[in-house]
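Engineer: Pasting in a structure now, in structure tokens, and then I'll have a few things to ask.
The values are calculated or read from the model by the stated rules, or taken from the named source; none is laboratory data. Every value quoted in this text rests on a predicted model; they were computed, and no experiment measured them. Cβ placement follows ideal geometry from the backbone for every residue including glycine, while neighbour counts extend to all protein chains displayed.
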């Protein structure tokens, strides 16, 4: 049985993915979250890890997260509402730490185990905002997601050991984040998508699930799930 970690597991995509991996039945699941988890979801036989990643450092990292995961999915999406014209160094550092650096540290710590077992599946996540330079108030978020498209050469070299690393660039998706938008801007945004609709959280979870269960040849790629944008 493979040990799987979902970072940002309380996100809409994370909850959908949790249902997929529970039904698959071949994973020992660790689910990380920061705030509340939806009550309707099934958390039986799931190790829950509640932790603000902003509080992670080199000293406490190994006390909170294992270093022998076989599958790691980073769905963390801390959003600091800052534009390019008013961002602060402190806030952008916090955003990058939470969305990018701590997940990279967790991935790094499990590479030895993956190499030993000749098996690993790693999924990082980016955003369509990277392609377009971010939204009006998502400069810090988009910078952190751009960083997630960086693929360390050390991981690339492990491809021959059946350790497959991919980044999924996620398009406009029907999640709580977009539901909070109360003006017409989101409708104008959808018109720019060639498919003329948002993805569902289930759509994104389905493709990630495929990459950690069925994929045996795609690696070191940035895969766009963006409706054609």
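Engineer: Tell me, which strands (runs of 3 or more DSSP E) wholly within region 1-81 include 3 or more residues that are on the phi < 0 side of the Ramachandran plot and crowded, with 17+ Cβ neighbours inside 10 Å?
Structural biologist: On the way: elements: 2-7, 27-33, 46-50, 71-74.
Filter on region 1-81 gives 2-7, 27-33, 71-74.
Engineer: Identify, from the list 120, 129, 133, the residue that is closer than 23 Å to residue 11 by Cβ and surrounded by fewer than 21 Cβ atoms within 10 Å (Cβ to Cβ).
Structural biologist: Values: 120 fails: surrounded by fewer than 21 Cβ atoms within 10 Å (Cβ to Cβ); 133 fails: closer than 23 Å to residue 11 by Cβ.
That would be 129, the only listed residue that is closer than 23 Å to residue 11 by Cβ and surrounded by fewer than 21 Cβ atoms within 10 Å (Cβ to Cβ).
Engineer: Looking at this structure, is residue 69 out of contact with any strand residue (DSSP E or B) (no Cβ under 9 Å at 6 or more places or on another chain) and in contact (Cβ under 8 Å) with a residue 60 or more places away in the chain? Outline the logic, then answer.
Structural biologist: Details: out of contact with any strand residue (DSSP E or B) (no Cβ under 9 Å at 6 or more places or on another chain): no; in contact (Cβ under 8 Å) with a residue 60 or more places away in the chain: yes.
No; evaluated as a whole, the condition is false for this residue.
Engineer: Condition test on residue 110, is it under 22 Å from residue 55 (Cα atoms), at pLDDT 95 or above and buried (at least 21 other Cβ atoms within 10 Å of the Cβ)? Can you show your working first?
Structural biologist: On the way: under 22 Å from residue 55 (Cα atoms): yes; at pLDDT 95 or above: yes; buried (at least 21 other Cβ atoms within 10 Å of the Cβ): yes.
Spelling it out, residue 110 is indeed under 22 Å from residue 55 (Cα atoms), at pLDDT 95 or above and buried (at least 21 other Cβ atoms within 10 Å of the Cβ).
To keep it simple, each residue is scored yes or no on (1) in contact (Cβ under 8 Å) with a residue 24 or more places away in the chain; (2) part of a loop (DSSP other than H, G, I, E, B); (3) surrounded by 14 or more Cβ atoms within 10 Å (Cβ to Cβ); (4) out of contact with any helix residue (DSSP H, G or I) (no Cβ under 8 Å at 6 or more places or on another chain).
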position: 190; (1), (2), (3), (4): no, no, yes, yes
position: 193; (1), (2), (3), (4): yes, yes, yes, yes
position: 205; (1), (2), (3), (4): yes, no, yes, no
position: 211; (1), (2), (3), (4): yes, no, yes, yes
position: 218; (1), (2), (3), (4): yes, yes, no, no
position: 223; (1), (2), (3), (4): yes, no, yes, no
position: 227; (1), (2), (3), (4): yes, yes, yes, yes
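Engineer: With the requirement that a residue be modelled with pLDDT of 95 or more and more than 14 Å from residue 7 (Cα to Cα), what does region 48-61 give you? Spell out how you get there, then give the answer.
Structural biologist: The first filter runs over region 48-61 and keeps only residues modelled with pLDDT of 95 or more, leaving 48-56, 60-61.
Passing the criteria: 55, 60.
Engineer: Now a separate question. If I ask for residues that are in a helix (DSSP H, G or I) and under 30 Å from residue 87 (Cβ atoms), which ones from region 142-163 would you list?
Structural biologist: Here is the first cut: in region 142-163, the residues in a helix (DSSP H, G or I) are 142-147, 153-161.
Residues satisfying the conditions are 142, 143, 144, 145, 146, 147, 153, 155.
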